[in-house]
1. For a quick check, take a GNM of chain A with Cα springs below 10 Å and name the residue from A:Phe168, A:Phe210, A:Phe146 with the largest mean-square fluctuation.
2. What does the helix-only formula give at 222 nm for chain A: each DSSP H stretch with n ≥ 4 adding -39500 (n - 2.57), the total divided by the residues, and the result rounded to the nearest 500 deg cm²/dmol?
3. Return the long-range amide H neighbours of A:Arg219 (sequence gap of 5 or more, or a different chain), with a cut-off of under 5 Å between placed amide H atoms.
4. Could you list, bin by bin from short to long, the percent of Cα-Cα pairs of chain A in 5 Å steps?
5. With θ set to phi - 60° and the Karplus curve 6.51 cos²θ - 1.76 cosθ + 1.60, what are the ³J(HN,Hα) couplings of the range A:50-64 in order, to the nearest whole Hz, using x for Gly and Pro?
6. Rounded to two decimals, what ratio of Rg to Rh does the range A:103-209 give with C-alpha atoms and a Kirkwood Rh?
7. Taking a 23 Å limit on the Cα-Cα distance, which of the listed pairs A:Lys19/A:Lys116; A:Lys60/A:Lys232; A:Lys8/A:Lys100; A:Lys19/A:Lys99; A:Lys60/A:Lys245 fall beyond it?
8. Can you give me the long-range amide H partners of A:Arg11? Hydrogens built in the peptide plane at 1.01 Å from N, cutoff under 5 Å, separation of 5 or more residues or another chain.
Amino acid sequence: MSTNPQPKPPRRIVISNSKGGVGKTTTAVNLGAGLAMRGDRVLLIDLDTQGHVARALGAKPTSSLYEVLDHNLPPQQALTVARPRLDLLAGGRLLARTKKTIASLPYGAEHVLSEKLAPLDDLHRYDYVILDTAPSWDVLNVNALFYAHDVLLPISMEALAVYGMADFLESIQGVRRYNPAVHLRYVLPTFFDQRVRKSGEILQQLLDHFQRLVLSPIRYNVALSECPAHGKTIFEYAPRSRGSKDYARLVERIAHDG
Amino acid sequence: MTDKGKSRTPPDLMSELLGSLQEDVPLPGQRPPEPKPQEPAEATEQHTDESTSRLVDLSARPQNLKTETRKRDGTELTRKTHYLTPAQVRLLKEYAFMTDQGESEVVRQALDEFFARHGQEAWPVGQASS
């Protein structure tokens, strides 16, 4: 009698917010790196035309998601090993073309990413797939929401970020009609500064609305803004910083929920 | 019933989140530092009253037996602070146990006895109140 357990499918977490500058890429990079440091196998997918994830990790990818989506390159051949147990499917400017290609498809435009990445699921290579999205609402972001299970919503402690959040939540509700598997799982307060009153007020608002979905805040920390320029994660660049501790806390929470 | 349909935050959520920021977190993949083995506590002199199971540390310093008294000396109100030595505290507590009384009661009785014996010479009883 076979006792081989069925391999667990990877958790697919999309980090998304249509507002820019809320810490999506920083969160994706440090969450992915942190989970890999814990011993999990992680795939980080950059859906942004800026391609900042590769830069933040100091990686120099030779292939990207563009080749996978536009030229049918098998995803396993487009991977870049960024760190031990941390693979990267890089983004970049060419993804702008991909958006046009997907938008012009007569049907099934929302499922392109899921179909092209399906071979990775068959290989059972990863425990986590983390998707970093662009600060907009475009076809690639919609694809990410059709591919993912959990949405992690970073929100900076500014009034405009809260307004943008409302629009984004409506969009997720729209996607849920066709992909009930996706749901808002985490709300991550970022750029939190306890000395500033608005930080506390906005955090209180988030707690009023989202209660237990709200994660421990990521405090404002200058090291977090410096480390991408060095191609390092916060755990490598400033392991004793507040940013490092806050992201370590996030990693533990996500892993614990896994 | 909720206020205008809004759900309110349980009061502990905010403090839970902010409190978590104060906790030290190890880097991912690192073990949290092992708690230091607890050093054996210094032996204390404790007496337990068998009838009441009351536990008292006889090695306690006498600060809690620092007392202040106010006395009207003629027209002046004087305040005095009194201390007991550790040995006196120890004896006091032991005696309080033995006689099943409060420590303050023992002190009061001791002072009464003292003044009963010596007060006549140093401070004739009845003179102050007259």
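1. Residue with maximal mean-square fluctuation among A:Phe168, A:Phe210, A:Phe146: A:Phe210.
2. -13000 deg cm²/dmol
3. For A:Arg219, the qualifying residues are A:Phe192.
4. In order of increasing distance, the bins hold 1, 6, 14, 18, 20, 17, 12, 7, 3, 1, 0, 0, 0 percent.
5. 6, x, 6, 5, 4, 5, 5, 9, x, 9, 10, x, 9, 10, 9
6. Reported Rg/Rh, Kirkwood definition of Rh: 1.04.
7. A:Lys19/A:Lys116; A:Lys8/A:Lys100; A:Lys60/A:Lys245
8. Residues meeting the amide H criterion: A:Tyr128, A:Val129.
Since every read-out is calculated from the coordinates, none of them should be taken as a lab result. In this text the structure is predicted, and so the values were computed from the model without any measurement. Quick reminder, even Gly has a Cβ in these numbers, built from the backbone with ideal geometry, and neighbours come from all protein chains shown.
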